[in-house]
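Quick notes on the structure that follows.
The values are calculated or read from the model by the stated rules, or taken from the named source; none is laboratory data. Just so it is clear, the structure is predicted and the values come from calculations on it, not from any experiment. Backbone-built Cβ (ideal geometry, glycine too); neighbour counts: all protein chains shown.
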Amino acid sequence: MKLFPIKNLPQFINNLYSEDYFSKPSYNFPQSELESWKYTNLKKIFDSNNINSFSPKHHENISKEYVNLYSKYLVDKAQNIVLLDGMLIYENLLAGVKLENSSMSVNQIKRHVYNPLVRINGMFNEIFLKLVVDANMDHLDNPIIIHYLHTDKVDSTLLSYFTKIDIGRNSRIFLKEKFVSLSSKKSAFNIKMETFIKDNANFTYDVLDSPCKSIVMNHISINLLKNSSFNSFVMQSSLNFTRYEYHINLLEKNSKSNISGVSFLHGSKQLDLYVFVSHYASHTESRVNFRSTVGYKSKYNLGIKAYVSPKIKNIYSSLHSKSIHLDNLSIINIKPEFDIHSEDVVCNHGVTIGSLDENAFFYLASRGISNKEAQVLLVEAFFFSIINNLKREDAIVEKYKVIFETILNKEILSLIL
């Protein structure tokens with residue numbers, strides 16, 4: 001039975017299909033029939049960005065000029081991991097943190113990888129990292145930063161990465177990811193991260209805006225055990241197409257998850273944010289809170305779903321989103337959803353989509369503030385309410401605010417003035 005081509009998939013993926021790998025394409029490939037891919041046409045996105053091939057075959061011949069460049073991206077007082085075109089070329093991890101770099105067999109990929117894009121790409125590109133954090137490690141002051149660097153050797157290419165993270169009991173870890181293109185042309189980063197957070201451990205995971213025009217697809221699976229916590233923050237503006245898909249499993253008592261983000265999209269950008277939180281144990285808590293401004297032919301898709309399993313108690317779940325249309329050319333799709341099978345639950349959600357407040361403009365104008373300055377102040381205030389409430393060190397919060405202001409002045413200011 002011929003099952004391909006699959007609707008809305010890039011042709012180069014259809015061409016590489018093999019029934020030996022997949023028996024149920026509807027579960028293995030993103031399609032518009034699936035709720036989380038309803039508003040995303042990968043074929044159109046890949047074609048418009050000229051992404052037309054899988055991983056390259058040049059890994060052993062990376063130019064020395066690129067290898068020598070990595071040092072400029074290293075961050076002081078951080079534990080840096082540098083991947084250049086899929087190759088691990090540098091790491092400076094502290095004691096108690098171990099990194100394995102290996103390949104995965106086809107059977108391993110089929111057994112462990114559930115993200116459709118990661119799974120098919122994994123058949124042709126085996127970039128596998130395993131990060132193990134020992135028990136009782138406190139590395140919040142020395143964040144782990146994974147730098148993904150793409151050169152012109154991977155122009156128009158989709159590279160896939162699979163990272164597995166095990167965090168030991170009573171440990172605290174801060175992880176960041178950065179995406180860098182060293183070419184004027186575009187490539188695609190396809191990331192799968194699977195994390196297990198053991199008892200009393202804390203995992204903080206932030207992804208800030210990357211100054212490149214490529215494509216990033218990031219699938220994050222988080223499994224939390226007793227008294228563990230997960231905190232994540234996303235800041236997005238520059239990438240042509242970005243997709244973050246969180247799958248949070250609160251498996252044991254007193255596990256908590258808190259995900260927030262800010263995005264400012266314009267100039268035909270697209271951001272997909274999907275968060276699926278599953279409460280499987282009593283006394284668990286989840287919070288989701290996103291804010292976005294969307295303008296000039298950009299598209300913002302947000303889906304948030306919280307599931308509460310039967311026969312558990314004392315559950316708290318909060319799903320919130322606020323978005324601002326900067327013009328009538330942008331598209332915003334938001335869907336909050338609860339699937340509750342228990343009675344002892346406190347759930348709340350709120351979604352608003354609107355424009356900048358005209359009364360606020362009038363108020364600021366009456367105090368001598370120009371229309372241009374007023375627009376900047378209102379957008380800053382809209383996002384700072386999220387950034388100021390982050391559970392981070394004060395210095396980190398201030399740094400994030402500076403990054404936001406820089407992007408606002410460089411990117412958004414030209415649109416809203």
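Which one of these is assigned to a helix (DSSP H, G or I), under 26 Å from Tyr205 (Cα atoms) and modelled with pLDDT under 85: Glu411, Glu398, Glu373?
Within the list Glu411, Glu398, Glu373, the selection yields Glu411.
For every residue, the table says whether it meets (1) surrounded by fewer than 21 Cβ atoms within 10 Å (Cβ to Cβ); (2) over 22 Å from Val376 (Cα atoms); (3) of a type outside the set (Gly, Ala, Ser); (4) in the same structural domain as Leu408 (by TED's automatic domain parsing).
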{"residue": "Ser214", "(1), (2), (3), (4)": "no, yes, no, no"}
{"residue": "Ser229", "(1), (2), (3), (4)": "yes, yes, no, no"}
{"residue": "Ser237", "(1), (2), (3), (4)": "no, no, no, no"}
{"residue": "His247", "(1), (2), (3), (4)": "yes, yes, yes, no"}
{"residue": "Lys253", "(1), (2), (3), (4)": "yes, yes, yes, no"}
{"residue": "Asn258", "(1), (2), (3), (4)": "yes, yes, yes, no"}
{"residue": "Lys269", "(1), (2), (3), (4)": "no, no, yes, no"}
{"residue": "Ser278", "(1), (2), (3), (4)": "yes, yes, no, no"}
{"residue": "Val288", "(1), (2), (3), (4)": "no, yes, yes, no"}
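Taken over the stretch 295-317, residues that are touching a Cys at 6+ places or on another chain (Cβ under 9 Å), polar (S, T, N, Q) and surrounded by fewer than 18 Cβ atoms within 10 Å (Cβ to Cβ) amount to 0. Listed by first and then second residue, the pairs linking a residue in the stretch 280-308 that is more than 20 Å from Glu245 (Cβ to Cβ) to a residue that is buried (at least 21 other Cβ atoms within 10 Å of the Cβ) and among the basic types (Lys, Arg), with Cβ atoms under 7 Å apart and 6 or more places separating them unless they lie on different chains, form an empty list. Looking across the stretch 177-195, the residues that are in contact (Cβ under 8 Å) with a residue 60 or more places away in the chain, of a type in the set (D, E, K, R) and within 28 Å of Asp134 (Cβ to Cβ) come down to Lys178, Lys192, Glu194.
Scanning the stretch 317-330 for residues that are touching a His at 6+ places or on another chain (Cβ under 9 Å) and either under 21 Å from Val288 (Cα atoms) or in a strand (DSSP E or B) (or both) returns Ser317, Ser318, Leu319, His320, Ser321.
Ser184 meets the stated requirement of being in a loop (DSSP other than H, G, I, E, B) and at negative phi.
Does Ser292 fit the bill of being surrounded by 24 or more Cβ atoms within 10 Å (Cβ to Cβ), touching a His at 6+ places or on another chain (Cβ under 8 Å), assigned to a strand (DSSP E or B) and on the phi < 0 side of the Ramachandran plot? Spell out the reasoning first.
Details: surrounded by 24 or more Cβ atoms within 10 Å (Cβ to Cβ): yes; touching a His at 6+ places or on another chain (Cβ under 8 Å): no; assigned to a strand (DSSP E or B): yes; on the phi < 0 side of the Ramachandran plot: yes.
The answer is no for Ser292.
Determine whether His341 is over 20 Å from Val379 (Cα atoms), surrounded by fewer than 18 Cβ atoms within 10 Å (Cβ to Cβ) and under 22 Å from the mean Cα position of the chain (by Cα). Answer is no for this residue. For the stretch 161-172, taking the residues that are assigned to a strand (DSSP E or B) and either at pLDDT 90 or above or not assigned by TED's automatic domain parsing to the domain that holds Leu99 (or both), the one that is surrounded by the most Cβ atoms within 10 Å (Cβ to Cβ) is identified as Ile167.
Reported count of residues in the stretch 186-211, each being at pLDDT below 95 and over 24 Å from Leu408 (Cα atoms), is 8.
For the subset of the stretch 217-250 comprising residues that are of a type in the set (A, V, I, L, M) and in a loop (DSSP other than H, G, I, E, B), which member is farthest from Ser263 (Cα to Cα)? Outline the logic, then answer.
Pass one, the stretch 217-250, residues of a type in the set (A, V, I, L, M): 217, 220, 222, 224-225, 234-235, 239, 248, 250.
Still in the list and also in a loop (DSSP other than H, G, I, E, B): 225, 239.
Working: Leu225: 30, Leu239: 11 Å.
Here the answer is Leu225.
Where helices (runs of 4 or more DSSP H) sit wholly within the stretch 18-112, those with at least 3 residues that are modelled with pLDDT of 60 or more and either in the same structural domain as Asn170 (by TED's automatic domain parsing) or touching a strand residue (DSSP E or B) at 6+ places or on another chain (Cβ under 9 Å) (or both) occupy 42-48, 64-67. Just one of the listed residues (Leu175, Leu182, Leu158) is closer than 14 Å to Pro211 by Cα and in the same structural domain as Tyr73 (by TED's automatic domain parsing), namely Leu182. Among the residues of the stretch 187-215, just one is more than 18 Å from Asp155 (Cβ to Cβ), in contact with a helix residue (DSSP H, G or I) (Cβ under 7 Å, 6 or more places away or on another chain) and not in a loop (DSSP other than H, G, I, E, B), namely Lys192.
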